[in-house]
């Protein structure tokens with residue numbers, strides 16, 4: 001398929017030669033949002049780390065834009081391909097200003113700071129403030145703003161809501177949908193807030209103990225909430241009342 005950006009086939013990945021995720025197959029196309037769900041320790045962050053070139057491919061394959069992700073850790077190469085990863089810690093430089101953080105996001109060509117501001121108008125009033133002095137929500141806006149400036153082909157966001165008040169992340173999450181719709185980037189999100197993730201995602205995959213427990217469209221998963229909850233909690237069945 002011409003618009004396929006990410007293809008994972010029978011992936012085994014982990015650390016120090018030990019698989020944390022086993023036999024994972026999934027894909028993400030241009031212009032769609034896909035959620036990767038599951039409890040803590042299920043292997044979600046490990047999967048993102050491997051896709052971005054910082055993890056170990058122990059078996060199977062990861063392809064971005066038809067090119068195989070190297071088995072050796074080469075995150076810089078993946079970034080040049082357009083794989084942009086916003087980690088849990090947001091990856092911003094606290095001692096630099098908002099403007100400086102945004103300007104460093106793009107290594108080639110002219111930096112269009114207004115591109116980030118168009119998605120997050122609040123950043124326009126914070127350009128001279130040090131990133132370390134921003135609130136958690138403002139730091140998350142900056143982190144995603146940096147990703148937008150980098151013009152990703154594949155954008156991965158790990159736990160956008162981490163440490164944020166509900167009113168903040170509920171306003172931020174729709175921006176993920178907008179990024180996919182307006183830039184045609186493929187977007188892969190890891191998110192603990194299942195309902196919120198499914199509201200913006202087209203499809204979702206659910207990991208449990210490193211294995212794929214279920215997958216489907218967001219509507220299919222929401223309509224089969226009992227099975228979703230069972231998979232998410234890592235149990236096979238739910239007791240009937």
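The values are calculated or read from the model by the stated rules, or taken from the named source; none is laboratory data. What you see is a predicted model, and the numbers here were worked out from it, not measured in a lab. Because the Cβ atoms are built from the backbone with ideal geometry, glycine has one as well, and the counts that use them run over all protein chains shown.
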**Message:** When you scan the stretch 66-81, do you find a residue that is crowded, with 20+ Cβ neighbours inside 10 Å and in contact with a strand residue (DSSP E or B) (Cβ under 6 Å, 6 or more places away or on another chain), even just one?
**Reply:** yes
**Message:** Being surrounded by 20 or more Cβ atoms within 10 Å (Cβ to Cβ) and either assigned by TED's automatic domain parsing to the domain that holds residue 194 or within 16 Å of the chain's Cα centre (by Cα) (or both): is that true of residue 47 here?
**Reply:** yes
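If I ask for residues that are in a helix (DSSP H, G or I) and within 14 Å of the chain's Cα centre (by Cα), which ones from the stretch 175-188 would you list? Step through it out loud before you land on a result.
Our first condition is that a residue be in a helix (DSSP H, G or I); within the stretch 175-188, this holds for 175-183.
Once the filter is applied, which keeps residues that are in a helix (DSSP H, G or I) and within 14 Å of the chain's Cα centre (by Cα), the stretch 175-188 yields 175, 176, 177, 179, 180.
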**Complete:** Sole miss for residue 97 among (1) outside the structural domain of residue 196 (by TED's automatic domain parsing); (2) surrounded by fewer than 16 Cβ atoms within 10 Å (Cβ to Cβ); (3) at pLDDT 95 or above is condition (2)
**Request:** Please name all residue pairs, on different chains or six or more residues apart, with Cβ atoms under 6 Å, provided the first residue is in the stretch 26-37 and is closer than 12 Å to residue 184 by Cβ and the second residue is in a loop (DSSP other than H, G, I, E, B) and modelled with pLDDT under 95.
**Result:** 29/3; 30/3
**Request:** State whether one or more residues within the stretch 123-135 are at pLDDT 95 or above, closer than 17 Å to residue 179 by Cα and not assigned by TED's automatic domain parsing to the domain that holds residue 196.
**Result:** yes
**Complete:** residue 137 passes all but one of the listed conditions (1) crowded, with 16+ Cβ neighbours inside 10 Å; (2) over 15 Å from the mean Cα position of the chain (by Cα); (3) under 17 Å from residue 37 (Cβ atoms); the exception is number (3)
**Complete:** The one condition residue 214 fails out of (1) outside any helix (DSSP H, G or I); (2) within 15 Å of the chain's Cα centre (by Cα) is (2)
**Prompt:** Name the residues in the stretch 176-192 that are farther than 12 Å from residue 155 by Cα and crowded, with 18+ Cβ neighbours inside 10 Å, would you?
**Reply:** 191
**Prompt:** Do any strands (runs of 3 or more DSSP E) entirely within the stretch 1-88 hold 3 or more residues that are over 19 Å from residue 207 (Cα atoms), and if so, which?
**Reply:** 83-86
**Message:** Can you pull out every residue in the stretch 146-171 that is in a helix (DSSP H, G or I) and either in contact with a strand residue (DSSP E or B) (Cβ under 6 Å, 6 or more places away or on another chain) or surrounded by 19 or more Cβ atoms within 10 Å (Cβ to Cβ) (or both)?
**Reply:** 146, 147, 148, 149, 169
